[in-house]
Amino acid sequence: MKYIAFCSYGKDSLAMIIKIKELNMSLDEVVYCDIRFDDEPLSGETPEMREFIPKADKILEEKFGIKVKHITSKWNFKNHFYRVKQKGNHIGDNYGFPYIVGAWCNARLKMEPIREYLKQFKEPVIQYIGIAYDEPKRYERQRTKGNICPLVDLKITEQEALEICKKYDLLSPIYESSFRGGCWFCPKQSLAQLKWLYNNHKDLWDKLKSMEKDSHNTFKPNVTLTNLEKRFKKEQL
């Protein structure tokens, strides 16, 4: 049996890894899926998170003896965005921005490389997933897949996970501006997070907005990035 923990470097996955090590639970590998924006390659992580990840890797290795395995997809956000659809709706169009429900980015850029990575193991694999006790809907989805969520078993909430990370200097700087991590080009992020991106990383915002003309659908349902930018500018005034 192989025991693999998946890490996003967010508070829940890092708190989960810490508790696994503190409680001497079985753990063979820690894996991070590095989602890329383009061929440069530009990461899907915000600049703040990109600076934090090497620091976190060093702490995990020095304090817990963990070397995080980094994997990535053959696709990135931009080249799949411009991939031409061969079936389903909008045949002949670019894939364009992912939909909120059934987002292709999650399937192609995250889950697909994880499945490919797991294929190498001949023995059964138990996956540890970082979901807190106060996220019952997310937990139920993982439970039906047979995955283990140690924070749920230990009844550790999101706020408690945050405090666990603080103890080891493993709290990501993203929590200074948001309570959610994720890619800076994610369509599921809140308007507050998009406004933060616009105000703090205009270069990334402009990269995303420049693709809008090439998408058959808007970034958010019936909401364009251009209109959001006008709104953010108005709110600044």
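Bear in mind that the values in this text are calculations on the coordinates, not laboratory data. Predicted model, so just to flag it, every value in this text is computed and none were measured. All Cβ positions, glycine included, derive from the backbone under ideal geometry; neighbour counts span all protein chains shown.
Panel values: the chain, Kirkwood radius from alpha carbon pairs, Stokes-Einstein at 10 °C and 1.306 mPa s, translational diffusion coefficient 83 µm²/s. Each residue of the range 50-57 was assigned a 3J(HN,Hα) from its phi angle through the Karplus curve 6.51 cos²θ - 1.76 cosθ + 1.60 (θ = phi - 60°); the sequence is 4, 6, 6, 4, x, 5, 5, 4 Hz, with glycine and proline shown as x. Along the axis of the charge dipole computed for the chain (Cβ charges of +1 for Lys and Arg, -1 for Asp and Glu, origin at the Cα centre), the listed residues F121, T46, F97 are led at the positive end by F97. With 20 Å as the limit on Cα-Cα distance, the pairs of K19/K58; K21/K110; K11/K78; K19/K167; K11/K167; K167/K188 that go past it are K21/K110; K11/K78; K167/K188.
The residue list Y168, I66, Y32 was ranked by how far each Cα lies along the charge dipole of the range 2-174 toward its positive end, using unit charges on Cβ atoms, and Y32 comes out on top. Among beta bridges from DSSP that stay inside the chain, the antiparallel ones total about 20%.
For the chain, the dipole from Cβ point charges (+1 on Lys and Arg, -1 on Asp and Glu) about the Cα centre works out to 700 debye, to the nearest 20. When V84, V101, V31 are arranged by Cβ crowding within 10 Å, least crowded first, meaning fewest neighbours, the order is V101, V84, V31.
If you run the Gaussian network model on the chain, springs between alpha carbon atoms under 10 Å, then out of F77, F37, F64 the most flexible one is F64. Note: relative contact order over the range 2-174, using C-alpha pairs below 8 Å and six or more positions apart, is 31 percent. Neighbour counting of Cβ atoms within 10 Å sorts the residues L197, L151, fewest neighbours leading, into L197, L151.
Computed from backbone phi, the HN-Hα couplings of the range 217-228 come to 10, 7, 4, 10, x, 6, 9, 8, 5, 4, 5, 5 Hz, rounded to whole numbers (Karplus: 6.51 cos²θ - 1.76 cosθ + 1.60, θ = phi - 60°; Gly and Pro given as x). The gain in end-to-end length when the D38 to K230 segment is fully stretched comes to 66.5 nm, 0.36 nm per residue minus the alpha carbon separation. The string of couplings for the range 97-109 from the Karplus curve (6.51, -1.76, 1.60, θ = phi - 60°) is 5, x, 6, 4, 9, x, 4, 5, 5, 5, 5, 7, 8 Hz, one whole number per residue in order, with x for Gly and Pro.
Neighbour counting of Cβ atoms within 10 Å sorts the residues S178, S26, fewest neighbours leading, into S26, S178.
Each part gets one Cα centre, and for the range 1-73 versus the range 179-237 those centres are 27 Å apart. Largest GNM mean-square fluctuation among I91, I59, I18, using the chain with Cα springs under 10 Å: I91.
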